[in-house]
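The values are calculated or read from the model by the stated rules, or taken from the named source; none is laboratory data. This one's a predicted model, so the numbers in the text were calculated from it and none came from an experiment. Quick reminder, even Gly has a Cβ in these numbers, built from the backbone with ideal geometry, and neighbours come from all protein chains shown. Calculation scope for accessible area: heavy atoms of the full protein, side chains included, ligands and nucleic acids excluded. Shrake-Rupley method; radii C 1.70, N 1.55, O 1.52, S 1.80 Å.
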Amino acid sequence: QVQLVESGGGLVQAGGSLRLSCAASGLTFSSHSMGWFRQAPGKEREFVAAISWSMSTNYADSVKGRFTISRDNDKNTVYLQMNSLKPEDTAVYYCARRQAGGNRYANTGYDSWGQGTQVTVSS
């Protein structure tokens, strides 16, 4: 059974930084592409970043240049380094495993999800 556990969320002032972690178990981690999504109150869950098994990365335009996704296959962990945070980045952040052939930018392209971690950016 796949388990994804996010950590690292919290309250930070605008302009600050946070690093989110997602520890994975129950899967051959190095063989899977992973993604980060976020959901703000009253809004739909949206794509943030993705990293393939071959280390290629993709970002939403809203976070490009500020966020960095990475992975450590020895630790079965994917990270999201978030810099220059803005109040509009406030959301619950989720990591997810992309299913084979799934659309990396869409919720439907992922088949396993963590419970989420809250990120709040104050102005």
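Only residues that are open to solvent by 60 Å² or more (accessible area, probe 1.4 Å) and more than 15 Å from HIS32 (Cβ to Cβ) were counted in region 85-102, giving 2. When VAL5 is tested against the conditions (1) surrounded by fewer than 21 Cβ atoms within 10 Å (Cβ to Cβ); (2) in contact with a helix residue (DSSP H, G or I) (Cβ under 8 Å, 6 or more places away or on another chain); (3) part of a strand (DSSP E or B), the lone failure is (2).
Have a look at ALA40, ALA23 and point out the one that is over 15 Å from ALA91 (Cβ atoms) and either without any contact (Cβ under 8 Å) to a residue 60 or more places away in the chain or not aromatic (Phe, Trp, Tyr) (or both).
One residue alone meets the criteria, ALA23.
Conditions tested, residue by residue: (1) within 17 Å of ALA14 (Cα to Cα); (2) in contact (Cβ under 8 Å) with a residue 24 or more places away in the chain; (3) of a type in the set (Phe, Trp, Tyr).
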| position | (1), (2), (3) |
| --- | --- |
| ARG71 | no, yes, no |
| ASN76 | no, yes, no |
| ALA91 | yes, yes, no |
| ASN103 | no, no, no |
| ALA106 | no, yes, no |
| GLY116 | no, yes, no |
| SER123 | yes, yes, no |
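Looking at this structure, is LEU27 closer than 14 Å to VAL119 by Cβ and either of a type in the set (A, V, I, L, M, F, W, C) or assigned to a helix (DSSP H, G or I) (or both)? So LEU27 does not fit the description; no.
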